[in-house]
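Report on one structure; see the data block that follows.
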Amino acid sequence: MEAIIVRPNTKAEAAALKTIFKVMKIPFENATTEESPYNTAFERKMEKANADKKAGRYKAIKTADLWK
């Protein structure tokens, strides 16, 4: 089975699609685009890493020194 992501442009399109899915007895679930696809723990780590970089708490490694 495959999943299909549909992104209607208007509320009317969304309502029409939901009606079609119900009539055809195709299961579907509502999801908002506001939700993040990432794990919350991962997001916190990324926010901390970005804050550390802005505060100057990081170490830059030159590409030439990468394999030394």
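To the nearest 500 deg cm²/dmol, what mean residue ellipticity at 222 nm is calculated for the chain from DSSP H runs of n ≥ 4 alone, each contributing -39,500 (n - 2.57), summed and divided by the residues? Mind showing how you got there, number by number?
Working: 2 runs with 28 residues, N = 68.
Only helices count here, giving -13500 deg cm²/dmol.
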Could you go through segment 57-68 in sequence order and give the Karplus-derived ³J(HN,Hα) for each residue, using 6.51 cos²θ - 1.76 cosθ + 1.60 with θ = phi - 60°, rounded to whole Hz, and x for Gly and Pro? 9, 7, 10, 8, 10, 5, 4, 5, 8, 4, 9, 8
Just flag the chymotrypsin sites (Phe, Trp or Tyr not before Pro) in the chain sitting in loop per DSSP whose Cβ has no more than 16 other Cβ atoms within 10 Å. PHE28, TYR38, TYR58, TRP67
For segment 11-59, with +1 on Lys and Arg beta carbons and -1 on Asp and Glu, the positive-most of ALA41, ASN30, ALA55 along the dipole: ALA55
Compute the distance in nm between two label points, each set 7 Å from the Cα along the Cα-to-Cβ direction, one at GLU43 and one at ILE4. 3.0
Length added when fully stretched, LYS18-ALA64, from 0.36 nm per residue minus Cα-Cα: 11.0 nm
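If we count every other residue with Cβ under 11 angstrom of VAL6's Cβ, Lys/Arg +1 and Asp/Glu -1, where does the sum land? Present the calculation step by step, with values, prior to reporting the outcome.
Details: positive: ARG7, LYS18; negative: GLU13.
Net charge around VAL6: +1.
Exposed loop sites here are GluC sites (Glu not before Pro) in DSSP loop states with at most 14 other C-beta atoms within 10 Å. What is the longest stretch of the chain lacking them? Please report the intermediate quantities before stating the final value.
On the way: sites that count: GLU2, GLU29, GLU34, GLU35.
Looking at the chain, 36-68 is the longest stretch - no exposed GluC sites (Glu not before Pro) with at most 14 other Cβ atoms within 10 Å.
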Per residue of segment 12-18, what does 6.51 cos²θ - 1.76 cosθ + 1.60 with θ = phi - 60° give for ³J(HN,Hα)? Whole Hz please, x for Gly and Pro, Karplus curve as stated. 5, 5, 4, 5, 5, 5, 4
Which order do THR40, THR32 fall in if you start with the one that has the fewest other Cβ atoms within 10 Å? THR32, THR40
Dipole of the chain, Cα-centred, from +1 at each Lys and Arg C-beta and -1 at each Asp and Glu C-beta, to the nearest 20 debye? 380
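Kirkwood hydrodynamic radius of the chain from all distinct Cα pairs, in Å? All intermediate terms of the calculation are to be shown ahead of the outcome.
Working: mean 1/r = 0.0595 Å⁻¹.
It works out to 16.8 Å.
None of the figures in this text is laboratory data; all of them are computed from the coordinates on show. If you're wondering where the values come from, they're calculated on a predicted model, not measured in any experiment. Positions of Cβ are generated from backbone atoms using ideal geometry, with glycine treated the same way; all protein chains shown enter the neighbour counts.
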